[in-house]
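The next block holds one structure in the form of structure tokens; read it before the comments.
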Amino acid sequence: MAIGYSLDEIQNDITKVTPASFEPTIDYIVTKVPRFTFEKFQDTNPILSSAMRSVGEAMAIGRNFAESIQKALCSMEIGLDGFTEVKIDGVTGTNSLAENQNIIKEKLKIFTPNRILLIAQALRYQISIAEICQITHYDKWFVNQIAKIIDEEEKIKIKGIKSEKVELLRLKKLGFSDARLAKLTGKDEFKIATLREELQVKPVYKRIDTCSAEFQSSTKYMYSCYEGDHIQNPECEAEISDKKKVIILGGGPNRIGQGIEFDYACVHACFTLSEAGYETIMINCNPETVSTDYDTSDRLYFEPMTAEYVLEIVRKEQEKGSLIGVIVQFGGQTALKLAKYLSKFNLPIIGTPFDKIDLA
């Protein structure tokens, strides 16, 4: 005879103290973005329909929509640092504004993978939110949110970034990556990172808990965000341990030629290191994989696989305990590319050093 359980008899695996019937309350925003690989098939028309075309996806978590969507775009590994400008065929500097606007409006009617970037470009060309919503059928709330980001970008291009903590913190709360701020101001990405360090503008890490911190979460499932102000320091929930630890860099979003085999290697690296007595720390941004299950590693950071986010996590983990090193070999090209930045800042890489990886 089968035995059944009601939801109030099943324990929430995240909080360990609330039942599954407990209504979730969240204080974060999750954004998923599909990953397409049309460039692998040059003769294929990159038009979306009801047929499944994506080969993977990236996911990001932030305290607001602007932070979450910009982190998600950075996670895509298609050269985006946020709402990166896109080149639109026919739009030129010799056309009038009205001519360029008409071209963009026609492009917006087509269901393309980069449509959200085209919306950002339409806003840059002063096409109204109402017109964009009418053409695309996007909800006005979302287009408004994108418009706020583009407005901030225009201000940064004109005025630059003030060397003030409160101003830089405000921009980071909106999800602007160091790379995006660098591009908007014509500076080097690591100069922005240096400015952040000088002004003590650093991310804190929060836990996924499904109860807005009403109950303590025992699950070490983290995401970064920027909080506080120039006076008040925000709370960090990372709870770095004093153990011997190893960081494993995941493979990022699936794409043709890179997928489940890298996740398999990362997961077994976690299991083997745990058996050897090491604390395992996973960094990845792919929600489809076992490596990002909250119980695969001892600590999971769900973050973009870019230099800015990975370096911040590595430095955070170095604050306490003994970081033996970072494994880059199991995450494919995604992780191998980051070896350059780990080496640049003298952060430990387990196995083949960067100069040999680069030579190979």
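Observations on the model:
- The residues listed here are Leu311, Leu347, Leu338, Leu342; of these, the one that is in contact with a Phe, Trp or Tyr (Cβ under 9 Å, 6 or more places away or on another chain) and crowded, with 22+ Cβ neighbours inside 10 Å is Leu342.
- Condition check for Gln134 on (1) modelled with pLDDT of 95 or more; (2) among the polar types (S, T, N, Q); (3) under 22 Å from the mean Cα position of the chain (by Cα): one failure, at (3).
- Residue satisfying all of: in segment 54-66; touching a strand residue (DSSP E or B) at 6+ places or on another chain (Cβ under 8 Å) and farther than 15 Å from Lys32 by Cβ; surrounded by the fewest Cβ atoms within 10 Å (Cβ to Cβ) among these: Asn64
- Helices (runs of 4 or more DSSP H) contained in segment 256-360 and holding at least 1 residues closer than 18 Å to Ile208 by Cβ and touching a residue at least 12 places away in the same chain (Cβ under 8 Å): 307-317
- Checking Ile103, Ile116 one by one, the residue that is modelled with pLDDT of 95 or more, surrounded by 15 or more Cβ atoms within 10 Å (Cβ to Cβ) and either among the charged types (D, E, K, R) or more than 22 Å from Ile78 (Cα to Cα) (or both) is Ile103 and no other.
- Selection within segment 76-96 - surrounded by 10 or more Cβ atoms within 10 Å (Cβ to Cβ) and more than 29 Å from the chain's Cα centre (by Cα): Gly90, Val91, Thr92, Asn95
- Flag if Glu57 is of a type in the set (Asp, Glu), modelled with pLDDT under 95 and at positive phi: no
- The selection criterion, being within 19 Å of the chain's Cα centre (by Cα) and in a helix (DSSP H, G or I), does not hold for Leu123.
- Top-ranked residue of segment 211-235 - restricted to ones that are buried (at least 19 other Cβ atoms within 10 Å of the Cβ) and in a loop (DSSP other than H, G, I, E, B), ranked as modelled with the highest pLDDT: Tyr226
The values are calculated or read from the model by the stated rules, or taken from the named source; none is laboratory data. Quick caveat, the model's predicted, so the values are computed rather than measured. FYI the Cβ positions are ideal-geometry reconstructions off the backbone, even for glycines, and counts take in every protein chain you see.
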